Structure formats: structure tokens, C-alpha cells
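Written below as C-alpha cells is the structure these notes are about.
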Amino acid sequence: MSSRGIRWDRRIEVALVLVVGIAFGAWREFTFININYQLDHVARHTPFSYAHSMVQAWTSGMDLQALLVVKWTLALLSIALMAGLTIVLARILFGTWKQAVPILLGFAAFAVLSLLMHVLARWAAPFELVSVRVSHMLQYPVPLVFVLIAATFPRTDKGSDDQSPPPQL
């Protein structure tokens, strides 16, 4: 990685990771909206479900508990996949795996924050919305954007391929 921006030879790899992340985010949105429709239908015993027919077929015969297990399993898998994509993107941009641990710690910290807000929502209802938003942030390509922005900052490490002196103020 150069000291200013993203190297040209890495842009195709970066674009591929971003396309995968965005496509996954779209799939995740479709899936979770429809699982939530199906959950509502099963929980309230409504005469029909607003869920897409494909999701209705996948979840046919599932009770409320099974649907909740599917939803939370997919949520955890979504977080894991997005963490993996974030680490891969950082590896492509920075040329090293040393960002993997801080990225995983960041994901864990936000997951704990989300869980804490969920628990606190018992006493202060607005925390539930914060909990959901933080959880969603971990399941969408938001962390990819943070890594992409970080890659545009000037680097000051010894391995930098730019030998120009720092700008004078």
C-alpha cells in the first residue's frame, strides 16, 4: 500500500470484496425482512404471511421457536462473514494480517455493546433501537467502508514505499 491511497494493482481485489459485501448485504436484507414477516405471521396467527413465497417455502412448518433459532443463527453467521470480509479487505489494502485481531476485537466490542443495550432496554426502551442498529451495522458492509477509509490515510510505518518527507505545516 502506498502512503497515499489505494494502490492501483489492488483496486480490482478491493472492488471484488466490496461487491461481495454489498451483494451479501442485499441478500441479508431480503432474507431477514422476510423471516421477520414470517415470524410475525406465526406469532400472531394471522390468516396469511407477507413473507416472500420462497421464504414461506423454506420455513414451512416451522414454529416460532424454530424461526427464532434460524434468525439468530443467520445473524451470527452474517456477523462472522462480514468480519471475515473486513479482515480480507484489510489484508488486501495493508498487505498484512496484523489488523485481523483488532478487527475481531472491534466486532466483539460492538457485539457486546449491542447485547448490553438490549439488556438495558428493559429499563429504557430506546436502547432496543440502538441495540438493533449496532447489530445490523455488524451484519452489513459498514465495517468494509471503515477499512476502506482507513486505507486512504497516510501511512507512517517503516515499510511505506513513499520516501518523501512529511508535509511541512
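The values are calculated or read from the model by the stated rules, or taken from the named source; none is laboratory data. Being a predicted model, the structure only gives us computed values, none of them experimental. Here the Cβ positions follow ideal geometry from the backbone for every residue, glycine too, while neighbour counts run over all protein chains shown.
Inside the stretch 24-134, counting only helices (runs of 4 or more DSSP H) that do not spill past its ends, which hold 3 or more residues that are within 21 Å of VAL14 (Cβ to Cβ)?
Result: 64-94, 100-120.
So in the stretch 1-19, with the set limited to residues that are in a loop (DSSP other than H, G, I, E, B) and of a type in the set (A, V, I, L, M), which one is modelled with the highest pLDDT?
ILE6
Regarding the stretch 20-29, can at least one residue be identified that is more than 23 Å from SER114 (Cα to Cα) and modelled with pLDDT of 95 or more?
Yes, the conditions are met somewhere in the stretch 20-29.
For a quick check of your reading of the model, give me the residue pairs whose first member lies in the stretch 128-147 and is without any contact (Cβ under 8 Å) to a residue 12 or more places away in the chain, whose second is buried (at least 22 other Cβ atoms within 10 Å of the Cβ) and of a type in the set (A, V, I, L, M, F, W, C), with beta-carbon atoms closer than 8 Å and at least 6 apart or on different chains.
none
Only one of (1) among the hydrophobic types (A, V, I, L, M, F, W, C); (2) buried (at least 18 other Cβ atoms within 10 Å of the Cβ); (3) at pLDDT 95 or above is not met by LEU93, so which one is it?
(3)
Filter the stretch 57-79 for residues that are over 26 Å from the mean Cα position of the chain (by Cα) and small (Gly, Ala, Ser); which is modelled with the highest pLDDT?
ALA57
Residue-wise test of (1) among the β-branched types (Val, Ile, Thr); (2) touching a residue at least 40 places away in the same chain (Cβ under 8 Å).
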residue: ILE12; (1), (2): yes, no
residue: VAL20; (1), (2): yes, yes
residue: ALA23; (1), (2): no, no
residue: THR46; (1), (2): yes, no
residue: LYS71; (1), (2): no, no
residue: ALA90; (1), (2): no, yes
